[in-house]
Amino acid sequence: MVSLRAPDERDLGAIDQGIHDPAVIRWFGQPDASAAEVLALNRQRWRDGSPTFAVCEIDDVCVGHVWINRTTQDPAVGSIGYWLLPAARGQGLATRAVRLLTQWSVERMGLTQLRLLTEPANHRSQRVAEASGFVRVGMLVGAGEVDGRSVDLILFTWPSI
């Protein structure tokens with residue numbers, strides 16, 4: 001069981017652990033903000049139309065985040081991202097969270113195109129994308145940057161909008 005809700009102060013410990021987790025850092029880069037600053041940013045992103053959700057287990061304890069980044073070029077297009085704490089990985093929680101967010105973003109935000117990007121070496125994220133119903137479209141060479149290094153990204157799209 002997984003649920004999504006707006007992040008709040010009770011999630012600060014999970015946010016701090018997440019932004020300092022070596023696996024999260026590998027794919028997203030070194031943190032440049034505290035957990036409190038990340039929470040404030042998440043609240044601002046809600047106001048700006050690019051919401052972040054706390055991924056929670058049945059006890060409503062935050063074990064990660066999932067979010068939509070709207071593109072500046074077209075507000076009907078969004079990219080999904082996510083991370084989970086180490087203890088929550090490998091249980092299907094990310095897949096269920098991405099499915100919930102996908103449905104919510106289409107129904108509540110009116111998005112007409114959803115994307116998911118992952119580095120070629122991030123096999124777990126690719127499995128989440130595919131298990132969530134996203135389809136691999138191709139490779140975007142040098143399209144990303146993590147800690148100052150250029151990275152290739154695999155592009156997945158949601159096929160049923």
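We did not get these values from a lab; they are worked out from the coordinates using the rules stated. Computed from a predicted structure; not experimentally measured. With ideal geometry, Cβ positions are generated from the backbone for all residues, glycine too; neighbour counts draw on all protein chains shown.
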**Asked** How far, in nm, would the chain grow between E57 and H123 when pulled straight, counting 0.36 nm per residue and subtracting the alpha carbon separation?
**Response** 21.4 nm
**Item:** Kirkwood-based shape ratio for the chain, expressed as Rg/Rh from alpha carbons
**Value:** 0.93
**Of the DSSP H helices in the chain, those whose Cα atoms cover at least 15 Å axially and whose Kyte score averages 0.0 or more** = 93-109
**Prompt:** How high is the FRET efficiency between R5 and A143 when r is their beta carbon distance and R₀ equals 35 Å, given to the nearest 0.05?
**Reply:** 0.65
**Item:** Residue-averaged [θ]222 nm for the chain, counting only DSSP H segments that reach four residues, each worth -39500 (n - 2.57)
**Value:** -10000 deg cm²/dmol
**Prompt:** Computed FRET efficiency, Cβ-Cβ of E37 and N69, R0 25 Å: what is it to the nearest 0.05?
**Reply:** 0.90
